[in-house]
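Note sheet for the following structure.
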There are 2 protein chains.
Amino acid sequence: MKTLACIAVAATLVTLAAPASAQFAKPEDAIKYRQSAFSVMGTHFGRIGAMANARVPFDAKVAAENAEIVAEMAKLPWAAFGPGTDKGGNTRAKPEIWTEQAKFKEYSDKMVAETTKLSAAAKAGNLDTLKAAFGATAATCKACHDAYQAKL
Amino acid sequence: MKTLACIAVAATLVTLAAPASAQFAKPEDAIKYRQSAFSVMGTHFGRIGAMANARVPFDAKVAAENAEIVAEMAKLPWAAFGPGTDKGGNTRAKPEIWTEQAKFKEYSDKMVAETTKLSAAAKAGNLDTLKAAFGATAATCKACHDAYQAKL
């Protein structure tokens with residue numbers, strides 16, 4: 001019974017995630033990819049944060065350019081969290097990502113949605129609008145990191 | 001707390017100076033950024049290569065999606081080759097990049113142009129067109145690597 005349940009779970013996992021995980025030859029490739037995507041996204045998100053927090057003057061054009069890159073990058077990392085990519089490289093991803101797939105997807109979907117809103121807000125060219133959207137997006141980063149990223 | 005840390009990072013990331021090199025607080029940040037951008041680009045370019053070289057079946061939709069990401073990513077790394085970013089991290093970038101700026105820019109502009117053509121070719125949905133554009137793009141990668149990337 002236990003074995004059958006295991007097989008059923010394994011079969012479901014494989015079915016759900018085979019296309020995504022098959023895109024990477026090795027777990028370390030997937031880990032490197034998702035870290036790279038987060039790193040590029042973080043750089044551009046940081047530039048928006050600098051404006052939102054008045055560390056640098058607000059430049060609507062620059063904000064819009066950076067936000068567009070953030071929104072595009074935000075779509076990428078998730079396909080690289082396939083089965084078996086919890087180990088095999090230097091990763092801070094917690095095992096719960098693979099045992100709470102639905103919840104993790106909820107977090108990632110929310111983040112993608114917020115970055116899309118951020119990009120739209122940045123295009124509006126208003127600093128207060130940008131600030132609000134930056135705060136909302138940062139909150140989704142934090143929520144997911146708190147839940148699924150091991151502390152340094 | 002993570003949000004605060006994020007804001008703090010953003011504050012140090014960007015200085016008031018406008019030049020591209022000033023977008024990175026430290027040379028190692030620029031090096032990490034450009035390597036991350038190249039890594040993400042390379043992953044998606046490799047997927048097109050797998051189709052162009054018949055290692056996986058041609059899927060026009062998947063090719064177009066990957067080519068679009070390649071074209072977007074291709075624009076990013078160059079701003080991270082600013083003055084002073086030749087050292088400060090684990091980089092294979094040759095010193096000639098900084099002594100032959102015009103030539104390096106020529107190579108990078110060519111690569112951006114070829115990836116734009118690649119994306120258009122992928123959208124056409126024809127494998128032979130994709131193969132030709134993939135070959136032309138790969139040649140620009142190789143030419144620049146041969147000139148400006150130290151061998152492993």
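Once the Cα atoms of helix A:2-21 and of chain A are each reduced to a long axis, what angle between those two axes, in degrees from 0 to 90 to the nearest 10, is obtained?
40 degrees
Run the label-point distances for B:K75 please: 7 Å along Cα to Cβ, every other copy, nanometres, shortest first.
List, nearest first: 1.4 nm.
What does the structure give for A:27-36 when I average, per residue, the other chain Cβ atoms found within 10 Å of the residue Cβ?
Averaged over the peptide's residues, the number is 3.
Mind ordering B:79-85, A:73-79 by average Cβ neighbours within 10 Å, highest first? Mind dumping the intermediate values first?
Working: B:79-85: 18.3, A:73-79: 20.4.
Result, highest mean first: A:73-79, B:79-85.
When Lys and Arg each count +1 and Asp and Glu each count -1, what net charge do the other residues less than 12 Å away from A:K26, Cβ to Cβ, add up to?
It works out to a net charge of 0.
With θ set to phi - 60°, apply the Karplus curve 6.51 cos²θ - 1.76 cosθ + 1.60 along region A:52-68 and write out the HN-Hα couplings as whole Hz, x wherever there is a Gly or Pro.
Listing the rounded values in order: 4, 9, 6, 7, 10, x, 5, 10, 4, 5, 5, 4, 5, 4, 5, 5, 5 Hz.
Along Cα→Cβ at 7 Å, what distances in nm separate the A:G135 label point from those on the other copies, shortest first?
Sorted ascending, the copy-to-copy spacings read 5.7 nm.
Quick check on region A:73-118: take the gyration tensor over C-alpha atoms, sort the square-rooted eigenvalues as a ≥ b ≥ c, and tell me if it's rounded (a/c under 1.5), prolate or oblate.
prolate
In terms of modelled amide H atoms, which long-range or inter-chain residues lie less than 5 Å from the amide H of B:A93?
Residues meeting the criterion, in which the H sits 1.01 Å from N, are B:A150.
For chain B, what does the relative contact order come out to in percent, with C-alpha contacts under 8 Å and a separation of six or more?
Reported as a whole number, the value is 26 percent.
Rank the residues B:R34, B:R55 as a footprinting-exposure proxy: fewest other Cβ atoms within 10 Å of their Cβ go first.
Values: B:R34 22, B:R55 10.
By the 10 Å Cβ count, ascending, the order reads B:R55, B:R34.
Using a/c under 1.5 as the rounded threshold, could you call chain B rounded, prolate or oblate? The axes a ≥ b ≥ c are square roots of the C-alpha gyration tensor eigenvalues, and prolate needs a/b larger than b/c, oblate otherwise.
prolate
Given the C-alpha centroids of region A:51-71 and region B:32-64, what is the distance between them in whole angstrom?
29 Å
Mind running the shape call on the protein assembly as shown? Use the C-alpha gyration tensor, a ≥ b ≥ c as the square roots of the eigenvalues: rounded below 1.5 for a/c, prolate if a/b tops b/c, oblate otherwise.
oblate
In debye to the nearest 20, how big a dipole does chain B give about its Cα centre with +1 on each Lys and Arg Cβ and -1 on each Asp and Glu Cβ?
Charge dipole, chain B, about its Cα centre: 240 debye, nearest 20.
Taking the Cα centre as origin and putting +1 on Lys and Arg beta-carbons and -1 on Asp and Glu beta-carbons, what dipole magnitude results for region A:72-152, to the nearest 20 debye?
Here region A:72-152 has a charge dipole of around 120 debye.
Looking only at other chains, what is the average number of their beta-carbon atoms within 10 angstrom of each beta-carbon in B:37-45?
5
Per residue of A:47-60, how many C-beta atoms from partner chains lie within 10 Å of its own C-beta, taken as a mean?
So the per-residue partner count for this stretch is 4.
Nothing charged except the Cβ atoms of Lys and Arg (+1) and of Asp and Glu (-1): what's the magnitude of the dipole of the protein assembly as shown about its Cα centre? Round to the nearest 20 debye.
Working: 38 positive and 28 negative charges, 94 e Å.
The calculated dipole for the protein assembly as shown is roughly 460 debye.
Please compute the net charge surrounding A:A60, taking Lys and Arg as +1 and Asp and Glu as -1 over other residues with Cβ under 15 Å from its Cβ.
0
How charged is the neighbourhood of A:T43? Take every other residue with its Cβ under 11 Å from the Cβ of A:T43, and add Lys/Arg as +1 and Asp/Glu as -1.
Values: positive: A:R47, B:K32, B:R34; negative: B:D29.
Neighbourhood net charge equals +2.
Only the coordinates and a few stated rules stand behind these numbers; no lab work does. Values in this document were obtained by computation on a predicted structure and should not be read as measured data. Neighbour counts are summed over all protein chains in view; Cβ atoms, including those assigned to glycine, are modelled from backbone coordinates with ideal geometry.
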